[in-house]
Amino acid sequence: MKINHLGIAVKSLEESVPVFEKVFGVKAGETEYVSEQKVNVRKLSIDNCDIELLEGTRPDSPITKFIEKKGEGIHHCSFEVSDIVNSLNKLKEEGINLINETPRTGADDMLIAFLHPKSTAGVLMELTQFKGEETI
Ligand code: ZN
């Protein structure tokens, strides 16, 4: 298993993107709107993982709510798996609380599912599977 990306909640992509571009010395990709989460996403690819900057587009976006409660910062950590349905079933069996029992579509058209941070030391973890590897 490897880390695919870190999701960072930001108030404004316009303000944050240039800062992260300076820090990592790379240009961010185009803005992608993920309707499921009501967020605009811009990614920066660094050597071993991506940085996903997330800006809520509506008051009921999970990212807008997160920033209201905790401020800007690391929102989630995403791990790549080869068979997301199998991984979710296994984790559930092992007593891990799942936010998403079935995968949904995230940025880059990948399948994603979140684990409940209550089970994982307060860290919101996301499983990611590239759709091309879908085994269903
Ligand atoms: Zn993510």
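Looking across the stretch 116-136, the residues that are in a loop (DSSP other than H, G, I, E, B), within 18 Å of Met1 (Cα to Cα) and either open to solvent by 40 Å² or more (accessible area, probe 1.4 Å) or away from the ligand (no atom under 13 Å from the Cβ) (or both) come down to Thr120, Val123, Phe130, Glu134, Thr135. For the stretch 1-35, the set of residues classified as over 11 Å from Glu55 (Cβ atoms), touching a residue at least 24 places away in the same chain (Cβ under 8 Å) and exposed (fewer than 13 other Cβ atoms within 10 Å of the Cβ) consists of Met1, Lys2, listed by residue number.
One line per residue, one yes/no per condition, for (1) among the hydroxyl-bearing types (Ser, Thr, Tyr); (2) more than 13 Å from the ligand (Cβ to nearest atom); (3) farther than 25 Å from Glu14 by Cα:
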site	(1), (2), (3)
Gln37	no, no, no
Ile51	no, no, no
Leu54	no, no, no
Lys65	no, yes, no
Phe114	no, no, yes
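Take the conditions under 20 Å from Val17 (Cα atoms), modelled with pLDDT of 95 or more, within 15 Å of the ligand (Cβ to nearest atom) and open to solvent by 30 Å² or more (accessible area, probe 1.4 Å) and apply them to Ser45. Does it pass? So Ser45 fits the description; yes. Entry remark, the stretch 60-96: residues being part of a helix (DSSP H, G or I), open to solvent by less than 50 Å² (accessible area, probe 1.4 Å), under 26 Å from Val19 (Cβ atoms) and not polar (S, T, N, Q) number 3 in total.
The values are calculated or read from the model by the stated rules, or taken from the named source; none is laboratory data. All values derive from a computational prediction rather than experimental measurement. Don't worry about glycine lacking a Cβ; one is built from the backbone with ideal geometry, like all the others, and counts go over all protein chains shown. What goes into the accessible areas is simple: the full protein's heavy atoms, side chains included, and nothing from ligands, DNA or RNA. Shrake-Rupley method; radii C 1.70, N 1.55, O 1.52, S 1.80 Å.
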